[in-house]
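Structure first, then comments.
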Ligand SMILES: [Zn+2]
């Protein structure tokens, strides 16, 4: 749910700016070995024990690496709070200093045609808020990522990507805002229902075009031609009734050292993409395990279930928004010089209220996603039959995630099962399927 995060970041805290300068030296190389070996305790044998095998895998991670990824991930918990608070302060500034009504007045001078007027407001709003949250953005996405050895870009190309993202937000956000303001003006009583429906249709449309039109703005996507890698993946896909003809790869190493793969888009733009970090560092078993997981998302219809879930969440959000807007505008509308819900100057208030809703909903959103990820893990194990590849993948992903959180911590903050739980699930599966590995 990058969109929500992008929105949160686009809103997003104060004096962290100074912390950004703590990172002057280049990052130390921070990579696990390319291929993680199967430890003795995880080899198939008559005395195989899932817990001992899990602990043996975890023991392969050096203590300093664990401390580092724990610190990175736990810092991320605080970033959720700082993003939220910073965003709230920016929104309150725009309202109380009356910058929002000034931007509206300016856009009304530019044009009388209402949709264009909305777009001109959006342009000013986006540029102003991007500048205001820039200190937090540069800390969070650049300096902090470099500090933990996860980023590969220098400041110039990073800024280039930020400007591209601004362009995408300008177009996509502008279209959405014109649609929503139009709906509020025409349907003053039922706008919140239609607004929720249109927002969802818009997000579906964005997800549909993203792999083909948005991802290539930032990264080079190419069909993968290495038969040694592609053939087992396509075979796995055919066996699972997935009509994939190509597997794609993208140069994620341009921005990051993270390994990942995904199923993106849907219907005709549905595709499986492996990033180049995974190709470079993952063992064949690991790649197959991860692909099995991605196919699980497809076969278990996670995209459609996700759409249903977010439709319900958006309707609830719009219902809360309608109530909260009426309440706040009654009290402070005049002071903030907002004429009503259909006035473009209401945007900072809407963003503030939606960010409160999103902040409160974080654990529920995480739990919904984490549950689907667990399902995909189970599917991936059953279809790829690569529990050790799976464990290796969990260790690689642990470079930027805490491996062994407490249960409450996992419930609140994890959008994937923790590395510990993923390795244990793989070893549990192996324990019940030992005959596949002992050849008996
Ligand atoms: Zn997944």
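A few points about this structure:
- Distance from the C-alpha centroid of region 305-329 to that of region 87-135: 23 Å, rounded to the whole angstrom.
- In a fully extended conformation the segment linking residue 375 and residue 230 would gain 49.8 nm over its present Cα-Cα distance, using 0.36 nm per residue.
- Residue-averaged 222 nm ellipticity for the chain, from DSSP H runs of 4+ at -39500 (n - 2.57), nearest 500: -22000 deg cm²/dmol
- Stretched out straight at 0.36 nm per residue, the stretch from residue 330 to residue 185 would grow longer than its current Cα-Cα span by 50.4 nm.
- Residue 409/residue 308 FRET efficiency (R0 35 Å; Cβ-Cβ; nearest 0.05): 0.80
- Taking only the C-alpha atoms of the chain, the Rg (one decimal) and the largest Cα-Cα distance, Dmax (whole number), read 23.6, 81 Å.
- Relative exposure of 129, 222, judged by other C-beta atoms within 10 Å (fewest first): 222, 129
- Residue exposure sequence - 145, 432 - by fewest surrounding Cβ within 10 Å: 432, 145
- Extension gain, residue 254-residue 435: 0.36 nm per intervening residue step, less the Cα-Cα distance, totals 60.9 nm.
- Ranked by how many other Cβ atoms sit within 10 Å of their own Cβ, fewest first, the residues 399, 375 fall in the order 375, 399.
- Shape call, region 166-232: gyration tensor on alpha carbons, a/c limit 1.5: oblate
- Distance from region 49-78 to region 154-171 (C-alpha centre basis), Å: 33 Å
No lab work stands behind these numbers, since they all come straight from the coordinates. All values reported here derive from a predicted model rather than from experimental measurement. Note that each Cβ is placed from the backbone with ideal geometry, even for glycine, and that neighbours are counted across all protein chains shown.
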